[in-house]
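Peer 1: One structure coming up, written as C-alpha coordinates, with questions to follow.
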Amino acid sequence: MTGITEALEDLRVSLQRVMGFGDPAGWSDDELLAETAAIEAMGRVVDARRVACAGEVGERSRVELGGERLSTRRGCRSAAELLERVTQVSGAEARRRIALGMATRARSGLTGEMMPARFPEVAAALAEGELGADAAATIVRELGATRNVADPAGLQAAEHELVGAAVGSGDSVPVRCTADEVRVQAQVWAHFLDQDGPEPDDERAMRRRAFRFGRARDGLIPVTGELLPEVASGLRRLFDAHLAPQSGGGFMTAEERADLDRSGEQRTADQQRHDVIAAIIETAARSGEHPTIGGSAPTVLVSVRAADVETGRGVAHADGVEIPVSLRAARQLMCTGGTQQVTFDGHGRIIRLGSPERCFTSHQRRAITLRDGGCLIPGCSVPASWCEIHHVIPDVDGGPTHPDNGVLLCWFHHRTIDTSGWGIRMIAGAPQIRPPAWLDPGGRWRVATKSPTRLADLLEQRRPGAA
(Lines give C-alpha, C1' and ligand atoms only; values in the text may rest on other atoms or scores of the structure.)
Protein backbone atom coordinates (compact mmCIF):
# COMPACT_ATOMS: atom_id res chain seq x y z
CA MET A 1 0.00 0.00 0.00
CA THR A 2 2.87 2.36 0.81
CA GLY A 3 4.28 1.81 -2.67
CA ILE A 4 0.97 2.78 -4.28
CA THR A 5 0.74 5.93 -2.17
CA GLU A 6 4.29 6.94 -3.06
CA ALA A 7 3.72 6.25 -6.76
CA LEU A 8 0.57 8.38 -6.76
CA GLU A 9 2.41 11.20 -5.00
CA ASP A 10 5.17 11.07 -7.63
CA LEU A 11 2.51 11.13 -10.33
CA ARG A 12 0.84 14.14 -8.72
CA VAL A 13 4.12 16.08 -8.65
CA SER A 14 4.82 15.18 -12.28
CA LEU A 15 1.30 16.17 -13.23
CA GLN A 16 1.65 19.56 -11.58
CA ARG A 17 4.87 20.09 -13.52
CA VAL A 18 3.15 19.25 -16.81
CA MET A 19 0.11 21.36 -16.01
CA GLY A 20 2.30 24.36 -15.31
CA PHE A 21 3.41 24.42 -18.93
CA GLY A 22 1.77 27.21 -20.90
CA ASP A 23 -1.11 29.57 -20.22
CA PRO A 24 -4.49 28.68 -21.81
CA ALA A 25 -4.98 32.36 -22.61
CA GLY A 26 -2.19 32.08 -25.18
CA TRP A 27 -3.42 28.93 -26.92
CA SER A 28 -5.29 28.75 -30.20
CA ASP A 29 -8.91 27.57 -30.21
CA ASP A 30 -7.91 24.09 -31.38
CA GLU A 31 -5.18 23.83 -28.75
CA LEU A 32 -7.54 24.93 -26.01
CA LEU A 33 -10.23 22.38 -26.91
CA ALA A 34 -7.68 19.56 -27.35
CA GLU A 35 -6.18 20.33 -23.93
CA THR A 36 -9.63 20.47 -22.33
CA ALA A 37 -10.55 17.06 -23.76
CA ALA A 38 -7.22 15.53 -22.72
CA ILE A 39 -7.53 16.78 -19.14
CA GLU A 40 -11.09 15.48 -18.94
CA ALA A 41 -9.99 12.03 -20.15
CA MET A 42 -7.31 11.94 -17.48
CA GLY A 43 -9.82 13.13 -14.89
CA ARG A 44 -12.13 10.21 -15.71
CA VAL A 45 -9.35 7.79 -14.77
CA VAL A 46 -8.88 9.56 -11.44
CA ASP A 47 -12.66 9.72 -10.87
CA ALA A 48 -12.95 5.96 -11.40
CA ARG A 49 -10.43 5.37 -8.64
CA ARG A 50 -12.12 7.91 -6.38
CA VAL A 51 -15.42 6.12 -6.84
CA ALA A 52 -13.86 2.70 -6.21
CA CYS A 53 -12.30 3.88 -2.95
CA ALA A 54 -15.54 5.56 -1.88
CA GLY A 55 -17.47 2.36 -2.57
CA GLU A 56 -15.07 0.39 -0.39
CA VAL A 57 -15.43 2.96 2.40
CA GLY A 58 -19.19 2.53 2.11
CA GLU A 59 -18.91 -1.27 2.14
CA ARG A 60 -16.79 -1.23 5.30
CA SER A 61 -19.17 1.23 6.96
CA ARG A 62 -22.40 -0.73 6.42
CA VAL A 63 -24.96 -0.26 9.18
CA GLU A 64 -25.21 -3.98 9.90
CA LEU A 65 -21.56 -4.03 10.98
CA GLY A 66 -22.50 -2.06 14.10
CA GLY A 67 -19.54 -0.94 16.19
CA GLU A 68 -17.14 -2.54 13.74
CA ARG A 69 -18.08 -0.06 11.00
CA LEU A 70 -15.06 1.78 9.60
CA SER A 71 -16.83 5.12 10.02
CA THR A 72 -17.64 4.36 13.67
CA ARG A 73 -14.08 3.28 14.44
CA ARG A 74 -12.86 6.58 13.00
CA GLY A 75 -15.34 8.63 15.08
CA CYS A 76 -17.73 9.54 12.26
CA ARG A 77 -21.49 9.11 12.09
CA SER A 78 -21.56 7.78 8.54
CA ALA A 79 -19.44 6.72 5.60
CA ALA A 80 -20.20 10.04 3.92
CA GLU A 81 -18.88 12.02 6.89
CA LEU A 82 -15.72 9.90 6.96
CA LEU A 83 -15.17 10.49 3.24
CA GLU A 84 -15.76 14.22 3.73
CA ARG A 85 -13.08 14.33 6.43
CA VAL A 86 -10.56 12.40 4.35
CA THR A 87 -11.15 14.19 1.02
CA GLN A 88 -12.62 17.60 2.03
CA VAL A 89 -15.36 17.25 -0.60
CA SER A 90 -18.93 18.32 0.05
CA GLY A 91 -21.42 16.00 1.71
CA ALA A 92 -23.42 15.73 -1.52
CA GLU A 93 -20.32 14.73 -3.50
CA ALA A 94 -19.31 12.18 -0.84
CA ARG A 95 -22.76 10.56 -0.94
CA ARG A 96 -22.72 10.51 -4.75
CA ARG A 97 -19.34 8.78 -4.86
CA ILE A 98 -20.34 6.20 -2.26
CA ALA A 99 -23.62 5.38 -4.02
CA LEU A 100 -21.85 5.00 -7.36
CA GLY A 101 -18.98 3.01 -5.84
CA MET A 102 -21.35 0.60 -4.08
CA ALA A 103 -23.30 0.04 -7.30
CA THR A 104 -20.21 -0.66 -9.40
CA ARG A 105 -18.14 -2.85 -7.06
CA ALA A 106 -18.08 -6.66 -7.07
CA ARG A 107 -20.12 -8.19 -4.27
CA SER A 108 -19.78 -11.19 -1.99
CA GLY A 109 -22.62 -13.71 -2.03
CA LEU A 110 -24.14 -15.33 1.04
CA THR A 111 -21.71 -18.25 0.73
CA GLY A 112 -18.70 -16.01 0.12
CA GLU A 113 -18.53 -16.39 -3.67
CA MET A 114 -17.84 -13.21 -5.67
CA MET A 115 -20.74 -11.78 -7.66
CA PRO A 116 -20.62 -9.14 -10.40
CA ALA A 117 -21.49 -5.52 -9.66
CA ARG A 118 -25.12 -4.47 -9.83
CA PHE A 119 -24.22 -2.42 -12.93
CA PRO A 120 -21.35 -4.35 -14.56
CA GLU A 121 -21.21 -2.41 -17.84
CA VAL A 122 -21.16 0.91 -16.00
CA ALA A 123 -18.40 -0.47 -13.76
CA ALA A 124 -16.30 -1.60 -16.72
CA ALA A 125 -16.63 1.64 -18.68
CA LEU A 126 -15.93 3.65 -15.54
CA ALA A 127 -12.79 1.67 -14.70
CA GLU A 128 -11.48 2.04 -18.26
CA GLY A 129 -11.83 5.82 -18.10
CA GLU A 130 -14.40 5.84 -20.92
CA LEU A 131 -17.39 6.86 -18.79
CA GLY A 132 -17.48 9.97 -16.63
CA ALA A 133 -18.63 9.80 -13.01
CA ASP A 134 -21.53 12.19 -13.54
CA ALA A 135 -23.00 10.16 -16.44
CA ALA A 136 -22.37 6.91 -14.54
CA ALA A 137 -24.13 8.26 -11.46
CA THR A 138 -27.10 9.29 -13.59
CA ILE A 139 -27.45 5.81 -15.10
CA VAL A 140 -27.18 4.14 -11.71
CA ARG A 141 -29.67 6.52 -10.09
CA GLU A 142 -32.36 6.33 -12.78
CA LEU A 143 -32.15 2.60 -13.46
CA GLY A 144 -31.56 1.73 -9.81
CA ALA A 145 -35.00 3.08 -8.93
CA THR A 146 -36.55 0.41 -11.20
CA ARG A 147 -34.55 -2.65 -10.08
CA ASN A 148 -37.31 -4.02 -7.85
CA VAL A 149 -39.94 -3.95 -10.60
CA ALA A 150 -38.05 -4.10 -13.92
CA ASP A 151 -37.52 -7.22 -16.00
CA PRO A 152 -33.81 -8.19 -15.60
CA ALA A 153 -33.33 -8.56 -19.36
CA GLY A 154 -34.84 -5.13 -19.96
CA LEU A 155 -32.68 -3.61 -17.23
CA GLN A 156 -29.56 -5.13 -18.79
CA ALA A 157 -30.54 -3.81 -22.22
CA ALA A 158 -31.13 -0.34 -20.80
CA GLU A 159 -27.72 -0.30 -19.12
CA HIS A 160 -26.03 -1.46 -22.34
CA GLU A 161 -27.74 1.22 -24.45
CA LEU A 162 -27.07 4.04 -21.99
CA VAL A 163 -23.40 3.16 -21.56
CA GLY A 164 -23.09 2.94 -25.33
CA ALA A 165 -24.64 6.38 -25.72
CA ALA A 166 -22.31 7.86 -23.11
CA VAL A 167 -19.09 6.42 -24.57
CA GLY A 168 -20.13 6.76 -28.22
CA SER A 169 -20.15 3.03 -29.01
CA GLY A 170 -23.86 2.66 -29.60
CA ASP A 171 -25.24 2.24 -33.11
CA SER A 172 -27.86 4.96 -32.66
CA VAL A 173 -25.57 7.81 -31.56
CA PRO A 174 -23.13 9.54 -33.94
CA VAL A 175 -21.15 11.18 -31.09
CA ARG A 176 -20.73 10.69 -27.36
CA CYS A 177 -23.73 11.98 -25.44
CA THR A 178 -23.28 14.59 -22.74
CA ALA A 179 -24.24 13.75 -19.16
CA ASP A 180 -27.47 15.74 -19.52
CA GLU A 181 -28.39 13.86 -22.71
CA VAL A 182 -27.70 10.56 -20.92
CA ARG A 183 -29.97 11.70 -18.07
CA VAL A 184 -32.86 12.33 -20.46
CA GLN A 185 -32.41 8.91 -22.08
CA ALA A 186 -32.09 7.20 -18.69
CA GLN A 187 -35.36 8.74 -17.53
CA VAL A 188 -37.11 7.46 -20.66
CA TRP A 189 -35.72 3.97 -20.03
CA ALA A 190 -36.79 4.13 -16.38
CA HIS A 191 -40.40 4.90 -17.36
CA PHE A 192 -40.33 2.08 -19.88
CA LEU A 193 -38.95 -0.45 -17.38
CA ASP A 194 -41.32 0.42 -14.55
CA GLN A 195 -44.49 -1.50 -15.35
CA ASP A 196 -46.19 -0.78 -12.02
CA GLY A 197 -49.56 0.88 -11.95
CA PRO A 198 -50.42 4.32 -10.56
CA GLU A 199 -50.81 3.14 -6.97
CA PRO A 200 -47.19 1.98 -6.59
CA ASP A 201 -46.16 5.28 -8.22
CA ASP A 202 -48.11 7.13 -5.55
CA GLU A 203 -46.53 5.09 -2.77
CA ARG A 204 -43.09 5.72 -4.18
CA ALA A 205 -43.86 9.43 -4.49
CA MET A 206 -44.89 9.50 -0.83
CA ARG A 207 -41.52 8.00 0.13
CA ARG A 208 -39.56 10.39 -2.07
CA ARG A 209 -41.33 13.63 -1.19
CA ALA A 210 -38.77 16.03 0.23
CA PHE A 211 -37.72 19.62 0.83
CA ARG A 212 -34.03 20.38 1.34
CA PHE A 213 -31.81 23.35 2.16
CA GLY A 214 -28.52 23.55 0.29
CA ARG A 215 -25.25 25.19 1.20
CA ALA A 216 -25.18 28.99 1.09
CA ARG A 217 -23.72 30.62 -1.99
CA ASP A 218 -23.68 34.23 -3.18
CA GLY A 219 -25.70 35.36 -0.17
CA LEU A 220 -28.59 32.96 -0.86
CA ILE A 221 -29.70 29.56 0.46
CA PRO A 222 -30.63 27.20 -2.41
CA VAL A 223 -33.56 24.86 -1.89
CA THR A 224 -34.36 21.64 -3.72
CA GLY A 225 -36.90 18.91 -3.32
CA GLU A 226 -39.81 17.01 -4.76
CA LEU A 227 -43.44 17.96 -4.12
CA LEU A 228 -46.43 15.69 -4.42
CA PRO A 229 -48.55 16.76 -7.41
CA GLU A 230 -51.43 18.03 -5.28
CA VAL A 231 -49.07 20.06 -3.09
CA ALA A 232 -47.40 21.55 -6.16
CA SER A 233 -50.81 22.34 -7.60
CA GLY A 234 -51.89 24.15 -4.45
CA LEU A 235 -48.67 26.15 -4.38
CA ARG A 236 -49.05 27.05 -8.05
CA ARG A 237 -52.55 28.34 -7.38
CA LEU A 238 -51.22 30.57 -4.62
CA PHE A 239 -48.56 31.87 -6.96
CA ASP A 240 -51.08 32.43 -9.75
CA ALA A 241 -53.32 34.37 -7.40
CA HIS A 242 -50.62 36.78 -6.30
CA LEU A 243 -48.22 37.16 -9.20
CA ALA A 244 -48.57 40.53 -10.90
CA PRO A 245 -50.19 40.11 -14.35
CA GLN A 246 -47.26 41.54 -16.30
CA SER A 247 -48.60 40.43 -19.66
CA GLY A 248 -52.03 40.33 -21.18
CA GLY A 249 -54.44 41.90 -18.74
CA GLY A 250 -57.45 41.31 -20.93
CA PHE A 251 -59.66 40.50 -17.93
CA MET A 252 -58.48 43.48 -15.84
CA THR A 253 -60.69 46.45 -15.20
CA ALA A 254 -59.48 49.94 -16.08
CA GLU A 255 -58.91 50.69 -12.40
CA GLU A 256 -56.89 47.50 -11.91
CA ARG A 257 -54.77 48.28 -14.96
CA ALA A 258 -54.17 51.82 -13.70
CA ASP A 259 -53.19 50.44 -10.29
CA LEU A 260 -50.72 48.10 -11.94
CA ASP A 261 -49.24 50.97 -13.95
CA ARG A 262 -48.82 53.01 -10.78
CA SER A 263 -47.15 50.16 -8.92
CA GLY A 264 -44.29 49.99 -11.41
CA GLU A 265 -43.74 46.27 -10.73
CA GLN A 266 -40.10 45.45 -11.48
CA ARG A 267 -39.83 41.95 -10.01
CA THR A 268 -39.48 38.88 -12.17
CA ALA A 269 -41.98 36.04 -11.76
CA ASP A 270 -39.34 34.01 -9.91
CA GLN A 271 -38.72 36.87 -7.49
CA GLN A 272 -42.44 37.27 -6.90
CA ARG A 273 -42.79 33.57 -6.14
CA HIS A 274 -40.01 33.90 -3.57
CA ASP A 275 -41.85 36.79 -1.92
CA VAL A 276 -45.09 34.80 -1.82
CA ILE A 277 -43.21 32.03 0.03
CA ALA A 278 -41.81 34.65 2.44
CA ALA A 279 -45.33 35.90 3.17
CA ILE A 280 -46.64 32.35 3.69
CA ILE A 281 -43.86 31.61 6.21
CA GLU A 282 -44.41 34.84 8.14
CA THR A 283 -48.18 34.33 8.20
CA ALA A 284 -47.88 30.71 9.38
CA ALA A 285 -45.49 31.65 12.19
CA ARG A 286 -47.84 34.40 13.34
CA SER A 287 -50.98 32.28 13.21
CA GLY A 288 -50.44 30.53 16.55
CA GLU A 289 -51.59 27.23 15.01
CA HIS A 290 -48.14 25.64 14.82
CA PRO A 291 -45.99 23.91 17.46
CA THR A 292 -44.13 26.26 19.75
CA ILE A 293 -40.40 26.37 20.38
CA GLY A 294 -39.57 26.90 24.02
CA GLY A 295 -43.15 28.00 24.65
CA SER A 296 -43.08 30.67 21.95
CA ALA A 297 -44.24 30.80 18.36
CA PRO A 298 -41.53 29.75 15.83
CA THR A 299 -39.70 33.06 15.54
CA VAL A 300 -36.51 33.90 13.68
CA LEU A 301 -33.83 34.94 16.18
CA VAL A 302 -31.55 37.60 14.72
CA SER A 303 -28.61 39.11 16.61
CA VAL A 304 -27.03 42.44 15.70
CA ARG A 305 -24.74 44.88 17.46
CA ALA A 306 -26.50 48.04 18.62
CA ALA A 307 -23.60 50.11 17.27
CA ASP A 308 -24.05 48.59 13.82
CA VAL A 309 -27.76 49.45 13.82
CA GLU A 310 -26.95 53.05 14.75
CA THR A 311 -24.21 53.51 12.15
CA GLY A 312 -25.88 51.47 9.42
CA ARG A 313 -22.68 49.54 8.82
CA GLY A 314 -22.16 45.85 9.58
CA VAL A 315 -24.23 42.68 9.40
CA ALA A 316 -26.67 40.68 11.51
CA HIS A 317 -26.84 36.93 12.09
CA ALA A 318 -29.93 34.71 11.97
CA ASP A 319 -30.13 31.57 14.07
CA GLY A 320 -29.58 28.39 12.04
CA VAL A 321 -28.25 30.14 8.90
CA GLU A 322 -24.55 30.06 8.14
CA ILE A 323 -24.29 33.32 6.20
CA PRO A 324 -24.86 36.83 7.61
CA VAL A 325 -28.08 38.78 7.21
CA SER A 326 -28.11 42.35 5.92
CA LEU A 327 -28.90 45.24 8.24
CA ARG A 328 -31.88 46.04 6.03
CA ALA A 329 -33.30 42.59 6.74
CA ALA A 330 -32.57 43.03 10.45
CA ARG A 331 -34.43 46.36 10.54
CA GLN A 332 -37.42 44.75 8.81
CA LEU A 333 -37.51 41.97 11.41
CA MET A 334 -37.12 44.48 14.23
CA CYS A 335 -40.02 46.47 12.82
CA THR A 336 -42.35 43.46 12.58
CA GLY A 337 -41.16 41.25 15.43
CA GLY A 338 -39.90 43.60 18.11
CA THR A 339 -36.55 43.73 19.88
CA GLN A 340 -34.94 42.67 23.10
CA GLN A 341 -31.74 44.33 24.25
CA VAL A 342 -29.04 42.06 25.70
CA THR A 343 -25.96 43.76 27.19
CA PHE A 344 -22.60 41.98 27.60
CA ASP A 345 -19.51 42.98 29.48
CA GLY A 346 -16.02 42.87 28.01
CA HIS A 347 -15.69 39.16 28.81
CA GLY A 348 -18.94 38.17 27.11
CA ARG A 349 -21.00 37.81 30.29
CA ILE A 350 -24.66 38.88 30.11
CA ILE A 351 -25.00 41.78 32.53
CA ARG A 352 -28.39 43.17 31.50
CA LEU A 353 -31.40 41.57 29.81
CA GLY A 354 -34.11 43.90 28.61
CA SER A 355 -37.73 42.85 28.37
CA PRO A 356 -38.91 41.84 24.89
CA GLU A 357 -40.99 44.44 23.07
CA ARG A 358 -43.57 43.27 20.57
CA CYS A 359 -44.47 45.76 17.90
CA PHE A 360 -48.23 45.44 17.51
CA THR A 361 -50.81 43.44 19.44
CA SER A 362 -53.39 41.26 17.73
CA HIS A 363 -56.08 43.85 18.56
CA GLN A 364 -54.05 46.59 16.92
CA ARG A 365 -53.45 44.39 13.90
CA ARG A 366 -57.16 43.79 13.43
CA ALA A 367 -57.86 47.51 13.56
CA ILE A 368 -55.09 48.32 11.05
CA THR A 369 -56.35 45.51 8.79
CA LEU A 370 -59.84 47.00 8.73
CA ARG A 371 -58.43 50.42 7.92
CA ASP A 372 -55.88 49.43 5.21
CA GLY A 373 -57.41 46.27 3.69
CA GLY A 374 -54.10 44.91 2.37
CA CYS A 375 -50.66 46.03 1.24
CA LEU A 376 -50.94 49.78 0.69
CA ILE A 377 -48.74 49.86 -2.42
CA PRO A 378 -51.01 50.26 -5.49
CA GLY A 379 -51.14 47.20 -7.72
CA CYS A 380 -49.97 44.81 -4.98
CA SER A 381 -52.44 41.94 -4.53
CA VAL A 382 -51.08 40.51 -1.26
CA PRO A 383 -54.00 40.30 1.20
CA ALA A 384 -54.02 41.81 4.67
CA SER A 385 -53.57 38.45 6.40
CA TRP A 386 -50.23 37.99 4.61
CA CYS A 387 -48.94 41.48 5.35
CA GLU A 388 -46.53 42.80 7.97
CA ILE A 389 -47.07 46.00 9.94
CA HIS A 390 -44.59 48.74 9.25
CA HIS A 391 -43.73 51.55 11.65
CA VAL A 392 -44.08 54.70 9.54
CA ILE A 393 -41.84 56.49 12.05
CA PRO A 394 -39.33 53.81 13.13
CA ASP A 395 -39.44 52.62 16.70
CA VAL A 396 -35.76 53.49 17.15
CA ASP A 397 -36.60 57.08 16.18
CA GLY A 398 -39.32 57.32 18.79
CA GLY A 399 -42.22 56.18 16.64
CA PRO A 400 -45.03 54.79 18.79
CA THR A 401 -46.38 51.26 18.51
CA HIS A 402 -49.87 52.54 17.78
CA PRO A 403 -52.32 52.14 14.86
CA ASP A 404 -51.71 55.81 14.03
CA ASN A 405 -48.10 54.86 13.19
CA GLY A 406 -48.57 51.40 11.61
CA VAL A 407 -49.54 50.43 8.06
CA LEU A 408 -49.87 47.12 6.20
CA LEU A 409 -47.10 46.23 3.74
CA CYS A 410 -46.33 42.91 2.10
CA TRP A 411 -42.95 41.30 2.76
CA PHE A 412 -41.35 42.69 -0.41
CA HIS A 413 -42.59 46.26 -0.12
CA HIS A 414 -41.71 46.30 3.57
CA ARG A 415 -38.20 45.05 2.78
CA THR A 416 -37.66 47.73 0.11
CA ILE A 417 -39.62 50.67 1.52
CA ASP A 418 -36.46 52.65 2.34
CA THR A 419 -34.96 52.23 -1.14
CA SER A 420 -37.92 51.90 -3.52
CA GLY A 421 -38.90 55.57 -3.50
CA TRP A 422 -42.41 55.00 -2.17
CA GLY A 423 -43.32 57.52 0.52
CA ILE A 424 -45.74 56.85 3.39
CA ARG A 425 -47.03 59.37 5.88
CA MET A 426 -49.83 59.50 8.43
CA ILE A 427 -52.27 62.41 8.50
CA ALA A 428 -54.57 62.36 11.52
CA GLY A 429 -54.05 58.61 11.83
CA ALA A 430 -54.84 57.87 8.14
CA PRO A 431 -52.11 56.71 5.73
CA GLN A 432 -51.16 58.51 2.54
CA ILE A 433 -48.93 57.24 -0.27
CA ARG A 434 -46.59 59.09 -2.65
CA PRO A 435 -45.24 57.17 -5.67
CA PRO A 436 -41.54 57.25 -6.61
CA ALA A 437 -40.43 60.18 -8.73
CA TRP A 438 -39.93 57.97 -11.78
CA LEU A 439 -43.58 56.92 -11.58
CA ASP A 440 -45.07 60.29 -10.61
CA PRO A 441 -42.71 63.22 -11.18
CA GLY A 442 -45.19 65.53 -9.45
CA GLY A 443 -44.88 63.60 -6.21
CA ARG A 444 -48.53 64.07 -5.17
CA TRP A 445 -49.67 62.44 -1.93
CA ARG A 446 -52.81 60.28 -2.16
CA VAL A 447 -55.06 58.71 0.45
CA ALA A 448 -54.23 55.00 0.56
CA THR A 449 -56.56 52.16 1.48
CA LYS A 450 -57.90 48.90 0.07
CA SER A 451 -60.58 48.46 2.69
CA PRO A 452 -64.03 48.20 1.08
CA THR A 453 -65.58 50.17 3.94
CA ARG A 454 -63.02 52.97 3.72
CA LEU A 455 -63.33 53.06 -0.06
CA ALA A 456 -67.10 53.45 0.30
CA ASP A 457 -66.53 56.36 2.69
CA LEU A 458 -64.16 58.04 0.23
CA LEU A 459 -66.64 57.62 -2.64
CA GLU A 460 -69.37 59.08 -0.48
CA GLN A 461 -67.21 62.12 0.25
CA ARG A 462 -66.60 62.66 -3.47
CA ARG A 463 -70.29 62.36 -4.37
CA PRO A 464 -71.68 65.61 -5.75
CA GLY A 465 -73.53 67.47 -3.05
CA ALA A 466 -71.81 65.59 -0.20
CA ALA A 467 -71.17 67.69 2.88
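Peer 1: Which of the following residues is under 22 Å from ALA279 (Cβ atoms), assigned to a loop (DSSP other than H, G, I, E, B), touching a Phe, Trp or Tyr at 6+ places or on another chain (Cβ under 8 Å) and hydrophobic (A, V, I, L, M, F, W, C): ILE377, ILE368? Please lay out each step first, then the result.
Peer 2: Values: ILE368 fails: assigned to a loop (DSSP other than H, G, I, E, B).
It is ILE377.
Peer 1: Now, a different point. Name every residue in the range 158-176 that is modelled with pLDDT of 75 or more and either open to solvent by 20 Å² or more (accessible area, probe 1.4 Å) or part of a loop (DSSP other than H, G, I, E, B) (or both), in order of residue number. Before the answer, list the steps.
Peer 2: Residues of the range 158-176 modelled with pLDDT of 75 or more: 158-169, 175-176.
Passing the criteria: HIS160, GLU161, VAL167, GLY168, SER169, VAL175, ARG176.
Peer 1: Give just the number: which of (1) within 23 Å of ARG208 (Cα to Cα); (2) open to solvent by less than 10 Å² (accessible area, probe 1.4 Å); (3) not aromatic (Phe, Trp, Tyr) does GLN185 not satisfy?
Peer 2: (2)
Peer 1: Among SER78, SER90, which is touching a residue at least 12 places away in the same chain (Cβ under 8 Å), more than 23 Å from LEU131 (Cα to Cα) and within 33 Å of the chain's Cα centre (by Cα)? Working first, answer last.
Peer 2: Details: SER90 fails: more than 23 Å from LEU131 (Cα to Cα).
The unique qualifying residue is SER78.
Peer 1: Can you confirm whether the range 389-403 contains a residue that is in contact (Cβ under 8 Å) with a residue 40 or more places away in the chain, closer than 26 Å to ILE277 by Cα and within 29 Å of the chain's Cα centre (by Cα)?
Peer 2: Yes.
Peer 1: Turning to a different aspect of this structure: Considering only the range 22-34, I want to know if a residue exists there that is out of contact with any helix residue (DSSP H, G or I) (no Cβ under 9 Å at 6 or more places or on another chain), at pLDDT below 85 and not in a helix (DSSP H, G or I).
Peer 2: Yes, the range 22-34 contains a residue that is out of contact with any helix residue (DSSP H, G or I) (no Cβ under 9 Å at 6 or more places or on another chain), at pLDDT below 85 and not in a helix (DSSP H, G or I).
Peer 1: Does the range 13-41 hold any residues that are touching a residue at least 40 places away in the same chain (Cβ under 8 Å) and aliphatic (A, V, I, L, M), and which are they?
Peer 2: Result: ALA41, single match.
Peer 1: Of everything in the range 117-146 that's surrounded by 22 or more Cβ atoms within 10 Å (Cβ to Cβ) and in a loop (DSSP other than H, G, I, E, B), which residue is nearest to the chain's Cα centre (by Cα)?
Peer 2: Filtering first and then ranking leaves GLY132.
Peer 1: Can you pull out every residue in the range 440-455 that is open to solvent by 50 Å² or more (accessible area, probe 1.4 Å) and under 20 Å from SER381 (Cβ atoms)? So that I can check it myself, show each step before the final result.
Peer 2: Of the residues in the range 440-455, the ones open to solvent by 50 Å² or more (accessible area, probe 1.4 Å) are 441-442, 444-447, 450, 452-455.
Selection gives ARG446, VAL447, LYS450, PRO452, THR453, ARG454, LEU455.
The values are calculated or read from the model by the stated rules, or taken from the named source; none is laboratory data. Just so you know, these numbers come straight off a predicted model, no measurement behind them. Using ideal geometry, Cβ is built from the backbone for each residue, glycine included, and neighbour counts are taken over all protein chains shown. To get the accessible areas, we keep the full protein, side chains included, count just its heavy atoms, and leave off ligands, DNA and RNA. Shrake-Rupley method; radii C 1.70, N 1.55, O 1.52, S 1.80 Å.
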